[in-house]
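Below is one structure, written out as structure tokens; comments come after it.
The values are calculated or read from the model by the stated rules, or taken from the named source; none is laboratory data. All values reported here derive from a predicted model rather than from experimental measurement. Virtual Cβ from ideal backbone geometry, glycine too; neighbours counted across all protein chains shown.
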């Protein structure tokens with residue numbers, strides 16, 4: 001389970017990516033943040049951001065709140 | 001103060017070549033008659049059409065009777081795919097295509113699926129290059145009727161392994177369509193295809209002319225109601241002046257293609273290197289080496305693609321973008337998605353014969369400040 005949820009539903013990219021980029025460094029290494037984002041670009045851009053920033057993209061899930069993306073702080 | 005316009009969107013439409021303009025005006029004078037009729041004016045029109053076909057066929061290294069002109073590159077691609085599937089319906093109903101085809105091919109595939117057929121999309125790697133092993137396995141599967149591969153990505157410039165893909169198709173006995181819209185008139189296209197399409201306004205001809213080449217012996221059947229024009233491949237009266245201009249400009253650009261590629265490729269390399277070095281948090285996408293000489297794409301982290309396009313436009317730069325906010329469907333480019341690269345803040349720059357080194361230098365000088373301003377406005381500096 002994620003340690004924290006960022007609700008970015010209704011936001012257009014790059015806003016969900018900016019939200020995770022703002023929040024993740026404030027949390028301890030190892031923390032998993034779940035980003036709820038219904039903009040289809042998030043499915044591409046959140047994994048791409050993780051790769052560019054050396055953070056871990058845990059995976060995409062589709063739950064009752066729509067598409068969600070789990071990201072773990074690695075450094 | 002408005003900046004001098006710098007047009008950097010040749011991959012969408014290239015400015016009309018002077019030879020095209022000249023041929024267009026001349027052909028308006030004596031190319032208006034129906035080339036199918038039996039009187040003097042028609043014979044003149046027929047001569048112009050035959051000469052245009054011969055010229056275009058010579059550039060592509062095909063027989064004139066294999067080449068038809070169509071009302072656009074999009075219609076040529078639709079006809080290539082749907083006609084290739086129709087001609088092979090007894091072999092099966094599966095279309096194999098890459099994940100990064102032009103939307104014209106993907107929309108034809110959607111139509112085929114809606115009509116009860118199948119379509120198999122073959123992935124590309126992070127650089128936008130076709131997975132040849134997956135492609136070879138896909139075309140060998142039972143029931144495959146036809147395959148479609150873009151010669152080089154229109155969005156990121158990565159040149160596709162057409163020769164390898166064509167060899168796999170030949171082994172499997174599956175005809176291959178190559179959408180060569182970004183290559184014809186710029187770089188050679190490897191042999192081995194059965195159907196090839198191109199679009200005149202991508203090489204400096206007028207809009208409204210496409211090329212559809214069907215090699216002898218290919219089982220291809222027109223998807224349209226019967227019409228005797230253009231060997232029965234594409235219906236309706238052609239825009240003959242535009243066809244004449246397209247062929248004349250194709251011959252002109254093909255003659256200069258090697259020199260133009262040698263001039264533009266270093267400018268593209270310079271853009272790739274300088275953007276990566278001088279704009280922070282940018283992802284330059286596409287294959288660094290096996291690429292088109294005139295096209296380069298990059299994505300700027302945390303920047304809104306539409307805002308970036310507008311900011312560049314205000315400084316006089318016309319570019320394209322694959323970001324979702326710039327598309328009518330609000331979906332990111334399927335090409336960037338298939339590659340798994342950043343899709344927001346995306347810019348495609350494509351050069352042409354009128355692009356000067358000074359144009360590129362001005363773009364490179366202004367871009368870092370434009371991106372920095374947008375990031376400052378959005379409050380994302382230092383993220």
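Look at residue A:25 and say whether it is more than 17 Å from residue B:299 (Cβ to Cβ), surrounded by fewer than 14 Cβ atoms within 10 Å (Cβ to Cβ) and facing chain B (nearest Cβ under 10 Å).
Criteria met by residue A:25.
Has segment A:33-40 got at least one residue that is touching a helix residue (DSSP H, G or I) at 6+ places or on another chain (Cβ under 9 Å), in contact (Cβ under 8 Å) with a residue 40 or more places away in the chain and within 14 Å of chain B (Cβ to nearest Cβ)?
No; the residues of segment A:33-40 include none that is touching a helix residue (DSSP H, G or I) at 6+ places or on another chain (Cβ under 9 Å), in contact (Cβ under 8 Å) with a residue 40 or more places away in the chain and within 14 Å of chain B (Cβ to nearest Cβ).
Quick one: residue A:17 ticks every box in (1) within 14 Å of another protein chain (Cβ to nearest Cβ); (2) surrounded by 18 or more Cβ atoms within 10 Å (Cβ to Cβ); (3) out of contact with any helix residue (DSSP H, G or I) (no Cβ under 8 Å at 6 or more places or on another chain) except a single one, so which number is it?
That leaves (3) as the condition not met.
Within segment B:280-325, which residues are within 11 Å of another protein chain (Cβ to nearest Cβ) and part of a helix (DSSP H, G or I)?
Answer for segment B:280-325, where residues must be within 11 Å of another protein chain (Cβ to nearest Cβ) and part of a helix (DSSP H, G or I): B:305, B:306, B:307, B:308, B:324, B:325.
Check residue B:340 against each of (1) on the phi > 0 side of the Ramachandran plot; (2) surrounded by 22 or more Cβ atoms within 10 Å (Cβ to Cβ) and name the one condition it does not meet.
Failed condition: (2).
Do you know which residues across segment B:204-229 are buried (at least 22 other Cβ atoms within 10 Å of the Cβ) and under 19 Å from residue B:105 (Cβ atoms)?
B:209, B:210, B:211, B:212, B:213, B:214, B:220
For segment B:104-113, state whether one or more residues are farther than 12 Å from residue B:82 by Cα and either touching a helix residue (DSSP H, G or I) at 6+ places or on another chain (Cβ under 8 Å) or not assigned by TED's automatic domain parsing to the domain that holds residue B:285 (or both). Break it down stepwise before answering.
Of segment B:104-113, the ones farther than 12 Å from residue B:82 by Cα are none.
Looking through segment B:104-113, none of the residues is farther than 12 Å from residue B:82 by Cα and either touching a helix residue (DSSP H, G or I) at 6+ places or on another chain (Cβ under 8 Å) or not assigned by TED's automatic domain parsing to the domain that holds residue B:285 (or both).
Does segment B:295-330 hold any residues that are out of contact with any helix residue (DSSP H, G or I) (no Cβ under 7 Å at 6 or more places or on another chain), under 25 Å from residue B:379 (Cβ atoms), crowded, with 24+ Cβ neighbours inside 10 Å and modelled with pLDDT of 95 or more, and which are they?
Hit for segment B:295-330 is B:299, nothing else.
For (1) part of a helix (DSSP H, G or I); (2) buried (at least 17 other Cβ atoms within 10 Å of the Cβ); (3) under 16 Å from the mean Cα position of the chain (by Cα), each residue gets a yes or a no:
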site: B:48; (1), (2), (3): yes, yes, no
site: B:52; (1), (2), (3): yes, yes, no
site: B:55; (1), (2), (3): yes, yes, no
site: B:76; (1), (2), (3): yes, yes, yes
site: B:80; (1), (2), (3): yes, yes, yes
site: B:83; (1), (2), (3): yes, yes, no
site: B:89; (1), (2), (3): no, no, no
site: B:95; (1), (2), (3): no, yes, no
site: B:109; (1), (2), (3): yes, yes, no
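Name the residue, out of B:255, B:172, that is within 20 Å of residue B:150 (Cα to Cα) and surrounded by fewer than 24 Cβ atoms within 10 Å (Cβ to Cβ). Let's see the steps before the verdict.
Working: B:255 fails: within 20 Å of residue B:150 (Cα to Cα).
Answer to the selection: B:172.
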